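The values are calculated or read from the model by the stated rules, or taken from the named source; none is laboratory data. Remember, it's a predicted structure, so these values are computed and weren't measured experimentally. When we count neighbours, we look across all protein chains shown, and the Cβ atoms used for this are built from the backbone with ideal geometry, even at glycine. Side chains are part of the model used for accessible areas, which takes the heavy atoms of the whole protein and leaves out ligands, DNA and RNA. Shrake-Rupley method; radii C 1.70, N 1.55, O 1.52, S 1.80 Å.
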Amino acid sequence: MNEEKHILTMLVDNQPGVLSRVVGLFSGRGYNIESLCVAPTIDPLVSRITLVTKANLPSIEQIEKQLRKLVNVIKLRDLSGKEAVHREMALICVMAKPESRAEILRIVDIFRCKVVDIGREHYIIEVSGSTDKLNALINLLKPMGIKKIARTGAVALFREPN
Amino acid sequence: MEMTGGQILMQTLVDEDVETIFGFPGGAVIEIYDELVKTDIQHVLVRHEQGAVHAADGYARASGKVGVCLVTSGPGATNTVTGIASANSDSIPIVVITGQVPTQLIGNDAFQEVDIVGITRPCTKHNYLVNDVNDLAGVMREAFYLARTGRPGPVLVDIPKNVVSAKTIYKPVSQVRLKSYNPTYSPNMKQLKKVANLVREARRPVIFAGGGIILSDASRELTAFAHKNHIPVTASLMGLGGFPGTDPLWLGMIGMHGTYRANMSASYCDLMIGIGVRFDDRVTGKTDAFAEQAKIVHIDIDPTSIRKNIAVSIPIVGDCKKALTRLNELLTDEDSDAMLKQKEEWLSRIDEWKSTNPLAYDQKDVIKPQYVVEKLYELTKGKAIITTEVGQNQMWAAQYYHFDRPNNFITSGGLGCMGFGLPAAIGAQMAHPDRMVVDIAGDGSIQMNIQEMATAVQYKLPVKVVILNNRFLGMVRQWQELFYGKRYASTCMDCAPDFVKLAEAYGAAGLRAEKPADVEAVLAEGMAIPGPVIMDFTVEAEEGVYPMVPAGAPITEMLLV
Ligand SMILES: Cc1ncc(C[n+]2csc(CCOP(=O)(O)OP(=O)(O)O)c2C)c(N)n1
């Protein structure tokens, strides 16, 4: 059966060991995590975990049920569809030889991202947007030479009804 | 009132009506023990921490209460892991209290420090490290609550030594409130109505009952449901006793060592009602071929059990007892006669299956293990609490002891853990001092926790151990015989102790039967002895458990005797 990408978001108790329970469920059952993002919410006792995984339909159903079964998972939602806003952020350290600087800056402009650090031979670019946008940018920068990259993985929120 | 952690711990145990604890002391729990002796709670000193957990498991199953054990940090804690995993697989409510090194030493690789919370995370329902004495009362309440509610299971509470001695004002926690944990007990009525309609229409229905029937105390409701609607019943190993094993509608156990008629009925039914089951691979065999022609209804309290292994037509999350009660209301007695007529053909087909390949063995000059179990059944009138070890002994117990009542068959089903039976029998005997408790054992498994004989002797627990002694790790040998060209690699157990002398060395009684004619007399004598007894039956070495479905094959493909 076809594997599809799923963005799961969950509210969990902000306590030691909780992330390990969530992650352990994936490793223990042979599921893969593509990206993972965790931080406290407005309520300091609650954290939000956003997790991207690839799975076929029966597996994702099982994964979601297993996650809901964890005592520390308060709420879980699959935000893969259009009803949610998805964003990802990346810091990209790209080689900036004098001859390619103008080109890089043009790309930065088109993608509406920012140069946040400049060195003699590099720029660090901060970008946020959809995963597709980030991938497109990375593809364009590749020819200049990407030294390092740090991506946050997706975060997502359900669009509130008007 | 200001109290120490140790005192608070005792108070929470008393509040939970704990009467018995199985445990083993050590440095990290010495202060807990110092408080424990001041209470009325009886502590059973086991000889190995694995035994403590299995005993708590057996106690929980026999009594319906939460079983409790107490062990020290480090090796004491790691020794509990197998027992916890077994209780987790079988959804048995236990609370395991482990000592831990003082909080300031945690993470320093201190003496007898292990991260038991990390180790047991995947094999507990939930677990806790108590960092602050102020959390202790609440955590203990939650632990008991989680252990017994929803799908029950083991909960571990790890308590650092300094938390035991720390003082605080004790505030009783009366109610547990967990915003994230809220098991669904009430089944969806719409779905149940669909089930009722399917039951009315079905021509070839089968009920498949599991451990959930026993855990939710639903055997009366199940029996009424089956009788009223004339539906034959099979069960998983864990479900035995949930429906009377002597009932005309009883098909026998299903699965790898299921009866011919149970496996055939499950395979040719047009409606399967699975209640309190999880469609384990030992039950289904090849999943694609399982109940191929049937609409499958699956009722279980754990949503993760549903659609995990097989696709179902009607999933229902809820308590088995509640669901069956509702179904019994929906299907009135007026339907009963019409339903019987509709099912006559099916029931007579099942009768045929019953007579073509019944469970059978041929008792000649060497004792057959099945014969021992049958005689035990007769002599105890089917009323004993039976625990088992794992392997052939377990399967023969399941096939030949016809359990009429729930909570009388105590076995490590999901984990299949050798060494379970004797400590579990000790736990069951603690719960029911006046009942006959028998561990049906293999000569291999019994050696895994044989040290608990000392516990039985110390506490004058008259458990009877019936060893079906085939001088082999029989079940593995059987696989080798059938699938590995009879190469008996490391399954011969010729070098074993003399179990009669061993029993005597422990201060128990030992008896032996070597001829079929002695079986009854030895059983009768053993049962009449007021203390613990080991009965060693020299049985046919290469007897096999049949029927047998090779792993992964459809359950219709049974190897028969
Ligand atoms: C702790 C543990 N180790 C290994 C096994 C694998 N195993 C399953 S059945 C069996 C043989 C058990 O032999 P015995 O207790 O003599 O019982 P028999 O099958 O002969 O009745 C073994 C080794 C197990 N189930 N549990």
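Brief remarks follow.
- Candidates B:SER174, B:SER165 - the one that is among the small types (Gly, Ala, Ser), in contact with an Asp or Glu (Cβ under 7 Å, 6 or more places away or on another chain) and not assigned by TED's automatic domain parsing to the domain that holds B:GLY318: B:SER165
- Inside region B:262-283, residues that are surrounded by 22 or more Cβ atoms within 10 Å (Cβ to Cβ) and either within 24 Å of the chain's Cα centre (by Cα) or modelled with pLDDT under 95 (or both) make up a count of 12.
- Checking A:ILE33, A:ILE42 one by one, the residue that is more than 27 Å from B:ARG151 (Cβ to Cβ) and more than 14 Å from chain B (Cβ to nearest Cβ) is A:ILE42 and no other.
- So B:GLY245, is it open to solvent by less than 10 Å² (accessible area, probe 1.4 Å) and within 21 Å of the chain's Cα centre (by Cα): no
- In region B:180-232, counting only helices (runs of 4 or more DSSP H) that sit wholly within it, the ones holding 2 or more residues that are open to solvent by 10 Å² or more (accessible area, probe 1.4 Å) and closer than 26 Å to B:SER63 by Cα span B:211-215, B:219-229.
- In region B:442-460, the residue that is farthest from B:LEU45 (Cα to Cα) out of those that are open to solvent by 10 Å² or more (accessible area, probe 1.4 Å) and more than 11 Å from the ligand (Cβ to nearest atom) is B:ILE450.
- Cβ pairs under 9 Å, 6+ apart, first in region B:469-481 and within 14 Å of chain A (Cβ to nearest Cβ), second more than 8 Å from the ligand (Cβ to nearest atom) and among the basic types (Lys, Arg): none
- Check on A:VAL94, in a strand (DSSP E or B), within 10 Å of chain B (Cβ to nearest Cβ) and open to solvent by less than 70 Å² (accessible area, probe 1.4 Å): no
Table: residues versus (1) more than 27 Å from the chain's Cα centre (by Cα); (2) more than 14 Å from chain A (Cβ to nearest Cβ).
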| residue | (1), (2) |
| --- | --- |
| B:SER73 | no, yes |
| B:ILE106 | yes, no |
| B:PHE111 | yes, yes |
| B:TYR128 | no, no |
| B:ASN134 | yes, yes |
| B:GLU142 | no, no |
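- B:ALA424, sole failed condition from (1) within 23 Å of B:ASP280 (Cβ to Cβ); (2) outside any helix (DSSP H, G or I): (2)
- Counting only helices (runs of 4 or more DSSP H) wholly contained in region B:26-109, the ones carrying 3 or more residues that are closer than 20 Å to B:ALA428 by Cβ and touching a Phe, Trp or Tyr at 6+ places or on another chain (Cβ under 6 Å) occupy B:49-63.
- Entirely in region A:113-162, the strands (runs of 3 or more DSSP E) that have 3 or more residues that are surrounded by fewer than 16 Cβ atoms within 10 Å (Cβ to Cβ), touching a strand residue (DSSP E or B) at 6+ places or on another chain (Cβ under 9 Å) and not assigned by TED's automatic domain parsing to the domain that holds A:LEU8: A:114-118, A:146-151
- Check on B:LEU468, in contact with a helix residue (DSSP H, G or I) (Cβ under 8 Å, 6 or more places away or on another chain), more than 16 Å from the ligand (Cβ to nearest atom) and not in a helix (DSSP H, G or I): no
- Qualifying positions in region A:112-156 - more than 25 Å from A:CYS37 (Cα to Cα) and small (Gly, Ala, Ser): A:GLY119, A:GLY145
- Scanning region A:60-78 for residues that are open to solvent by 30 Å² or more (accessible area, probe 1.4 Å) and either among the small types (Gly, Ala, Ser) or within 7 Å of chain B (Cβ to nearest Cβ) (or both) returns A:GLU61, A:LYS65, A:LYS69, A:ILE74.
- Some residue of region A:9-18 being within 14 Å of another protein chain (Cβ to nearest Cβ) and either assigned to a helix (DSSP H, G or I) or over 30 Å from B:VAL130 (Cβ atoms) (or both): yes
- For A:VAL71, the requirement of being in the same structural domain as A:SER35 (by TED's automatic domain parsing), among the aliphatic types (A, V, I, L, M) and in a loop (DSSP other than H, G, I, E, B) is met.
- The number of residues in region B:2-25 being surrounded by fewer than 20 Cβ atoms within 10 Å (Cβ to Cβ) and more than 22 Å from B:GLU142 (Cβ to Cβ) comes to 2.
- Filter result for B:TYR506 (of a type in the set (Ser, Thr, Tyr), within 19 Å of B:HIS48 (Cβ to Cβ) and either buried (at least 18 other Cβ atoms within 10 Å of the Cβ) or assigned by TED's automatic domain parsing to the domain that holds B:ASN407 (or both)): yes
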